[in-house]
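The values are calculated or read from the model by the stated rules, or taken from the named source; none is laboratory data. Quick caveat, the model's predicted, so the values are computed rather than measured. Cβ placement follows ideal geometry from the backbone for every residue including glycine, while neighbour counts extend to all protein chains displayed.
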Amino acid sequence: MTIPDIIIAIDGYSSTGKSSFAKIIANEFSFLYLDSGALYRGVTLFAIENGFIADDNAIDVPALTLAMEDLDLHFGEGGTYIGNRCIEKEIRGMAVAGKVSPIATVPQVRSFVDRKLREFGRMKRVVMDGRDIGTTVFPDAELKIFMTADPLIRAQRRAEEMKAKGTDVDMDEVLKNLQERDYIDSHREVSPLTQAPDAIVLDNSYMTMEDQMAWLKDIISERFGE
Ligand code: DC
């Protein structure tokens, strides 16, 4: 199946499988996959390592804003980089996970990340996943998908992922954490997670990856012809 030079924006709640779906789409159509959350995580690592975020999550916004002027955060071979240092492993760890939500509420951080994402978007043939791609970063994206799934099913998926990595899990804890993140992501002042009016909802509670790809191909044929 061929697909025109478009931007595909995928937004939605945590643990709905946005990045897995986006990677498979990128592979299927030879698109570039961009993980916007990785940039928020990269800024968070930078903020931690430079002492811009305190233990109580208080952020030194002026110092962080100034330092970001020289922050060379980018994607490269095998993931996300600061300069020539690959930070992919560190940004997936608990230290970053615990502080990324507050960092992502800082407007100066959001505009820093938006600028980087828009540079990539100029190339078209990109699929990006995040929370505000179809609403703020690329409001003109030709195809917008909003992903959701039953919170209990999402919690189960997350718990399985954590178990596979050897982490002990308490389902109640996982569900609570997920609901907290949903709340913070949907209620922050700048670019909250909301469904763009022209986004198509994908509830994948009971769908396999094959089901999701078949769903997408139907939409692409309808919208863009073959
Ligand atoms: O998708 P993720 O879990 O890697 O995202 C990490 C954090 O970054 C998450 O708390 C929400 C935030 N984020 C955001 O605010 N806007 C985006 N476009 C992507 C992620």
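At-a-glance table
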item	result
The listed residue being acidic (Asp, Glu) and either in contact with a Ser or Thr (Cβ under 9 Å, 6 or more places away or on another chain) or modelled with pLDDT under 95 (or both), out of 211, 203	203
Single residue of the range 186-199 satisfying the filter (closer than 20 Å to residue 9 by Cα and without any contact (Cβ under 8 Å) to a residue 24 or more places away in the chain) that is surrounded by the fewest Cβ atoms within 10 Å (Cβ to Cβ)	197
The range 168-226, subset in contact with a strand residue (DSSP E or B) (Cβ under 9 Å, 6 or more places away or on another chain) and among the polar types (S, T, N, Q), residue farthest from residue 97 (Cα to Cα)	212
Any hit, the range 172-185, residues being crowded, with 16+ Cβ neighbours inside 10 Å and either more than 16 Å from the ligand (Cβ to nearest atom) or modelled with pLDDT of 95 or more (or both)	yes
Residues satisfying the stated conditions in the range 199-222, i.e. among the hydrophobic types (A, V, I, L, M, F, W, C) and closer than 23 Å to residue 139 by Cβ	199, 200, 201, 202, 216, 219, 220
Meets criteria (of a type outside the set (A, V, I, L, M) and within 10 Å of the ligand (Cβ to nearest atom)) for residue 140	no
Close pairs from the range 76-87: first in contact (Cβ under 8 Å) with a residue 40 or more places away in the chain and under 16 Å from residue 44 (Cα atoms), partner among the aromatic types (Phe, Trp, Tyr) and surrounded by 10 or more Cβ atoms within 10 Å (Cβ to Cβ), Cβ under 8 Å, at least 6 apart	82/46; 87/81
Residues of the range 156-176 satisfying the condition of being in contact with a helix residue (DSSP H, G or I) (Cβ under 8 Å, 6 or more places away or on another chain) and of a type outside the set (D, E, K, R)	156, 159, 162, 169, 171, 174, 175
Total residues in the range 1-59, condition among the aromatic types (Phe, Trp, Tyr), within 16 Å of the ligand (Cβ to nearest atom) and part of a loop (DSSP other than H, G, I, E, B)	1
Answer from 103, 87, 82 - the residue that is under 16 Å from the mean Cα position of the chain (by Cα) and surrounded by 15 or more Cβ atoms within 10 Å (Cβ to Cβ)	103
Entirely in the range 87-206, the helices (runs of 4 or more DSSP H) that have 1 or more residues that are of a type in the set (Lys, Arg)	88-91, 107-121, 151-164, 171-187
Residues that are modelled with pLDDT of 95 or more and either over 18 Å from residue 114 (Cβ atoms) or over 22 Å from the mean Cα position of the chain (by Cα) (or both), drawn from the range 60-78	60, 61, 62, 63, 66, 67, 69, 70
Those residues of the range 1-36 which are touching a Gly at 6+ places or on another chain (Cβ under 8 Å) and surrounded by fewer than 18 Cβ atoms within 10 Å (Cβ to Cβ), in sequence order	19
Residue pairs meeting the criteria (Cβ under 9 Å; at least 6 apart or on separate chains; first of a type in the set (Phe, Trp, Tyr), in the range 18-39; second assigned to a loop (DSSP other than H, G, I, E, B) and crowded, with 18+ Cβ neighbours inside 10 Å)	21/204; 29/3; 31/3; 31/6
